[in-house]
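The block underneath contains the structure these notes are about, expressed in structure tokens.
The values are calculated or read from the model by the stated rules, or taken from the named source; none is laboratory data. Being a predicted model, the structure only gives us computed values, none of them experimental. Cβ: placed from backbone, ideal geometry, glycine included. Neighbour counts: every protein chain shown. Quick note on the areas: whole protein, heavy atoms, side chains included, nothing else; ligands and nucleic acids left out. Shrake-Rupley method; radii C 1.70, N 1.55, O 1.52, S 1.80 Å.
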Amino acid sequence: MPERRTVALVTLGCARNEVDSEELAGRLEADGWDLVEDAADADVAVVNTCGFVDAAKKDSVDALLEANDLKGHGRTQAVVAVGCMAERYGKDLAEALPEADGVLGFDDYADISDRLQTILSGGIHAAHTPRDRRKLLPISPAERQESAAEVALPGHGPVDLPEGLAPSSGPRAPLRRRLDGSPVASVKLASGCDRRCTFCAIPSFRGSFISRRPSDVLNETRWLGEQGVKEIMLVSENNTSYGKDLGDIRLLESLLPELAEVDGIERVRVSYLQPAEMRPGLIDVLTSTPKVVPYFDLSFQHSAPGVLRAMRRFGDTDRFLELLDTIRSKAPQAGVRSNFIVGFPGESEADLAELERFLNGARLDAIGVFGYSDEEGTEAATYDNKLDEDVVAERLARVSRLAEELVSQRAEERVGETVHVLVESVDEEGVYGRGAHQAPETDGQVLLTGGEELSVGRIVEAKVVGTEGVDLVAEPVTGSLACSEEAGR
């Protein structure tokens, strides 16, 4: 009997990429590949790249080069690039990085096994010529669902599964294989984006916005519950647009309570929300539905009106603060995070001061700050009024210092609060987890003192007794574990 082929998936970038990797893993396992964790133990190392910003692209290239170094020193025979960077640059990436034995775009995902086998056998699969994926679906959102079957949509999964792969939850669950034992998993709610922010290239290589059907999202969540997942995080480029191509822009409000009722799931978290698209009904559902955590990942990007208009975005400091006041009037302990760009073309000192005014008043739990740099193919890259690199760097350092101080202050405000912590690791370093106001990897964590008897996946009620920067220190309430109905509140 021939030796089974082995493959390792190395994932960079966002949670959406993690879902895509697990879809690729499901396809490969269904076709007889053995999945291994370490690239050194694999015949083929598949690197799921990120193409968002320069730093992420550099990390992707470094990962490809690191995997290439394994060739000739162990089992690894081939290194293949997939993901956003591979889709965005295609043959240009293949020419610039000959160390990659293959560069596969989204259209190759359905045939990933054949592609890898060809490469492993010494054949060549020509890298694709990049194209604007926004043009693959109709302009009208209402017409997109009928065309979706003809377009590769990573993370959406097939309608018909190979025989024997459908779990007990139903025949339309995804072709997906979990790559770790974490009690948390992302679920893709939609793909693509219809917004035209002048600094962002994502729509050009991820395509126009298209929702997954609620039944697919529900069945995937049921399957994850059967796999031991306790928390799901709904991801897409813009969750507030969910349902607009299905005829109901308020579909998320009705879907969330259904997801919260899935057996085994104790928390439902929604990420990637657009402030300009927030509506009262969605805020109500996010702040009042048992098991749906009051968590708001709001994409503010800036707060000075002039900068926002140049970004082709909407809002201002006072409207954003009013939105936060509305949220906290309904859920005082709600978690809020956001990202910001400083040094955008034309940003004045007054604009920067306006952003600092917003940050000082917003009481955000987590803040990401990025210095502006040109992104190929974006409108902002053509602007004339760019700031000097040293000015951008100074502003980045200045706002980053402020952000660090403010998130530490916000963490200190939580001392004395009761939080429900999902335990994610128990080892010699301690017991760590996350409160309802903290998303995976981005928003800090909670150190549980005196919780050594706890196990991964448990949700425990604890009182915050201290802080370490953005992180919290909490003591479990004696004899108390959060019941499933309370876990998200």
Quick one: count up the residues across segment 87-116 that are assigned to a helix (DSSP H, G or I) and open to solvent by less than 60 Å² (accessible area, probe 1.4 Å). 12
If only one of N360, N385 is open to solvent by 30 Å² or more (accessible area, probe 1.4 Å), in a loop (DSSP other than H, G, I, E, B) and not aliphatic (A, V, I, L, M), which one is it? N385
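For every residue, the table says whether it meets (1) modelled with pLDDT under 95; (2) within 24 Å of V270 (Cα to Cα).
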position: A350; (1), (2): no, no
position: R363; (1), (2): no, yes
position: V392; (1), (2): no, no
position: R395; (1), (2): no, no
position: V407; (1), (2): no, yes
position: E417; (1), (2): no, yes
position: V431; (1), (2): yes, no
position: T442; (1), (2): yes, yes
position: G450; (1), (2): yes, no
Residues that are under 29 Å from R458 (Cα atoms) and modelled with pLDDT of 50 or more, drawn from segment 151-166: G155
Check whether at least one residue in segment 4-21 is open to solvent by 10 Å² or more (accessible area, probe 1.4 Å), free of Cβ contacts under 8 Å to residues at least 60 places away in the same chain and not in a strand (DSSP E or B), and report yes or no. yes
Of the residues in segment 50-72, those that are among the acidic types (D, E) and more than 24 Å from G122 (Cα to Cα) come to D54, D59
Of the residues in segment 376-404, those that are acidic (D, E) and within 25 Å of the chain's Cα centre (by Cα) come to E376, E379, E404
Please enumerate the residues belonging to segment 324-363 that are within 19 Å of the chain's Cα centre (by Cα) and of a type in the set (A, V, I, L, M). V336, I341
Regarding segment 432-452, can at least one residue be identified that is assigned to a helix (DSSP H, G or I), hydrophobic (A, V, I, L, M, F, W, C), surrounded by 19 or more Cβ atoms within 10 Å (Cβ to Cβ) and out of contact with any helix residue (DSSP H, G or I) (no Cβ under 7 Å at 6 or more places or on another chain)? no
Restricting segment 50-77 to residues that are modelled with pLDDT of 85 or more and touching a Cys at 6+ places or on another chain (Cβ under 6 Å), the one farthest from I119 (Cα to Cα) turns out to be C50
What pairs come up if the first residue lies in segment 282-305 and is under 18 Å from E261 (Cα atoms) and open to solvent by less than 10 Å² (accessible area, probe 1.4 Å), the second is of a type in the set (F, W, Y) and modelled with pLDDT of 95 or more, and their beta carbons are under 8 Å apart, counting only those six or more places apart or on different chains? L286/Y295; L286/F296
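Out of all the residues in segment 306-327, which are open to solvent by less than 20 Å² (accessible area, probe 1.4 Å) and either touching a Cys at 6+ places or on another chain (Cβ under 9 Å) or in a strand (DSSP E or B) (or both)?
Selection gives M311, R313.
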Residues satisfying the stated conditions in segment 48-77, i.e. open to solvent by less than 40 Å² (accessible area, probe 1.4 Å) and in contact (Cβ under 8 Å) with a residue 40 or more places away in the chain: G51, A56, S60, A63, A67
Can you tell me which residues in segment 261-271 are touching an Asp or Glu at 6+ places or on another chain (Cβ under 9 Å) and open to solvent by 10 Å² or more (accessible area, probe 1.4 Å)? D263, G264, E266
Which residue is farthest from E441 (Cα to Cα), if the candidates are limited to segment 328-351 and must be in a helix (DSSP H, G or I) and in contact with a helix residue (DSSP H, G or I) (Cβ under 6 Å, 6 or more places away or on another chain)? D351
Kindly indicate the residue of segment 219-253 that is acidic (D, E) and open to solvent by less than 20 Å² (accessible area, probe 1.4 Å) and also farthest from D194 (Cα to Cα) among those meeting that condition. E231
Suppose we filter A190, A148 for residues that are closer than 22 Å to C84 by Cα, in contact with a strand residue (DSSP E or B) (Cβ under 9 Å, 6 or more places away or on another chain), modelled with pLDDT of 90 or more and open to solvent by less than 60 Å² (accessible area, probe 1.4 Å); which single one remains? A190
Here are some conditions: (1) surrounded by 15 or more Cβ atoms within 10 Å (Cβ to Cβ); (2) modelled with pLDDT of 90 or more. H128 meets all but one. Which one does it not meet? (2)
